[in-house]
Amino acid sequence: MLYALHEAAYRTAAPLSTAAHWMRDFWRSPLNFAGDTGLGRNLYASADLIANLTRRYGKPSWGIDQVLINGQVVPVVCEATWASPWVKLLRFRRDPDALRAAGANIQTPAVVVVAPLSGHFATLLRGTVETFLIDHDVYVTDWSNARDVPIAEGRFGFHDYVDTIVEILGSVGRRAHVVAVCQPGPAVLAATALMSEDGDPLTPASLTLMGSPIDARHSPTVTNKLAEERPFTWFQSNMIYTAPWPYAGVLRRVYPGFVQLYSFMSMNAEMHQQAHRRYFDDMVRGDGDSAEKHREFYDEYLSVLDLTEEFYLETIDVVFQRYLLPKGALMHAGRRVDLTAITDTALMTVEGERDDISGVGQTQAAHALCVNIPEVQRELYVQPGVGHYGVFNGRRFIQEIYPRVRDFIARREASL
C-alpha cells in the first residue's frame, strides 16, 4: 500500500511540477527583461526549488568519457563485460594510444570496485571510479533496481550476492584488486574466503575494505542500534512492500529505496533544510557555482533503487543482528565460511574518524579475523576528519586516502 501511495503522490504532484518548470523557464528566459530583477530572481529560485522537490530522480548517468593523466586527456569508453539480471560489470576502458601519448603504463592492475547495494545507484561512486582510473584498469558493479527485475528471474539474497562476486571475479580473467565500498564488505570477504579455500587462481590479489560493517558490534552507530534493538519481525512487517505496476518487477517484494532515503534524511533533517535554504539564497544572489554543486549532490543523493526482500532481510539478519561472519558461524551452500583460509590476498582497511554509518573499528575488525594473512600484506588506515561519504569520495579521499590505496595495490602487484 505504501508503495502505491508513494506513486500516487508523484502523479498528484505532476501538474505542480510542470507548472514550476514552466515558471522557471519563463523567469530564466533571456527574453524576459524582468528576470534579472530582485523579484525575478526570487520567483525563479522558488520555481526551481519546487521543480526539484517534485520531480522524479532517475538513475544518473556515469558521464565518464575521459580522464586526465599526466596532464593529457585520455578518452574512456564504458562497456559491460559481464551481466546477470541483478548486476552489470562495467569496464571503463582507457584509450591505449592516448595512454602511450600521456607516458602512462598500458599494463596496469585490474581494480574491481564493488559498489554498495544499499539504496543508491552505483553512480554514487563516480568520483571514486574517476580517481582510480588514473592508475588502474577499472571495473565496477552496477546493481539493478529490484523493481525493474521481473519476478520470473527468481530471488536474490545475501548468498546469491556472494556467488555473484565469485562469478564477477572469474569473468575478469586475471587476478584483480578488489575495492569494496561500505555494504559489500562482509559478502566480498566471504567470497574471498571461499575462493581461497577452493584454491581458485582468480582469488583477489588484494582486498581493500572501505567503511564496511565487517563486525558491526564495534562502535555501534544509530543505524546499527536500530537493527539490533528491533526484532527481525519488525523489519519484515514495516520495511517490505510490493512493487506496483507499471514496473517490470510488479508484485516483487522489495525494500524501497525511498523508504531508506526518507529514513536517512529524517536523521539529518535540519542539515538538509539548511542546504536547500542556502541553495535558494545562492540562486537569488546569482551564485551559479554553489547552486550547481548543490544540484549535483542532490541529483545523486535523491536517486534511489529498491532492494529485494530477501537481500535486505538476510543482510539485517546476517550482518547486523547475528554477526555471523565475525563469529565464524556464517554458512554458505552448506560450507562454513572460514576467514583463516585467506592467505594469499593482501588486506587493507580504510575508515573515517567521523563515520556515522560504519563506526571506527567495524572495518578494521577484518584484520583480527583474517589471521593467516602475512603482516607485510596488511594495512590499516583511519582518515581523520571525514565521515562515511568522505571515505570514498571528495577532496580528502583524492588527496589522502587514494594515494595510500594506490601504493598498497602497487606493492601487492609488484610481489605477485
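Across region 378-395, what is the total count of residues that are surrounded by 15 or more Cβ atoms within 10 Å (Cβ to Cβ), in a helix (DSSP H, G or I) and without any contact (Cβ under 8 Å) to a residue 40 or more places away in the chain?
The total comes to 2.
Within region 235-261, can you find the residues that are surrounded by fewer than 13 Cβ atoms within 10 Å (Cβ to Cβ) and of a type outside the set (S, T, N, Q)?
If we filter region 235-261 for residues that are surrounded by fewer than 13 Cβ atoms within 10 Å (Cβ to Cβ), which is where we start, we get 237-238, 245-246, 251.
Answer for region 235-261, where residues must be surrounded by fewer than 13 Cβ atoms within 10 Å (Cβ to Cβ) and of a type outside the set (S, T, N, Q): 245, 246, 251.
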Can you say whether residue 227 is at pLDDT 95 or above and among the small types (Gly, Ala, Ser), as far as the supplied structure shows? no
Residue satisfying condition, being of a type in the set (Asp, Glu), surrounded by 17 or more Cβ atoms within 10 Å (Cβ to Cβ) and at pLDDT 95 or above, within set 309, 353: 309
Any hit, region 402-414, residues being out of contact with any Ser or Thr (no Cβ under 8 Å at 6 or more places or on another chain), farther than 21 Å from residue 183 by Cβ and not in a helix (DSSP H, G or I): no
Matching residues, region 204-239, being touching a residue at least 12 places away in the same chain (Cβ under 8 Å) and over 21 Å from the mean Cα position of the chain (by Cα): 205, 217, 218, 219, 228, 232, 235, 236
Members of region 261-290 that are small (Gly, Ala, Ser) and within 20 Å of residue 42 (Cβ to Cβ): 275, 286, 288, 290
List the helices (runs of 4 or more DSSP H) inside region 1-120, counting only whole elements, that have at least 3 residues being at pLDDT below 95 and among the hydroxyl-bearing types (Ser, Thr, Tyr). 2-28, 38-54
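Give 187, 180 a once-over and let me know the one that is under 15 Å from the mean Cα position of the chain (by Cα), under 22 Å from residue 108 (Cβ atoms) and crowded, with 24+ Cβ neighbours inside 10 Å.
When all the criteria are applied, what remains is 180.
Could you identify the single residue in 250, 319 that is in contact with a Pro (Cβ under 6 Å, 6 or more places away or on another chain) and either assigned to a loop (DSSP other than H, G, I, E, B) or more than 22 Å from residue 55 (Cα to Cα) (or both)?
Working: 250 fails: in contact with a Pro (Cβ under 6 Å, 6 or more places away or on another chain).
Answer to the check: 319.
The values are calculated or read from the model by the stated rules, or taken from the named source; none is laboratory data. Everything numeric in this text was worked out from a predicted model, so none of it was measured. Positions of Cβ are backbone-derived with ideal geometry, glycine not excepted, and every protein chain shown enters the neighbour counts.
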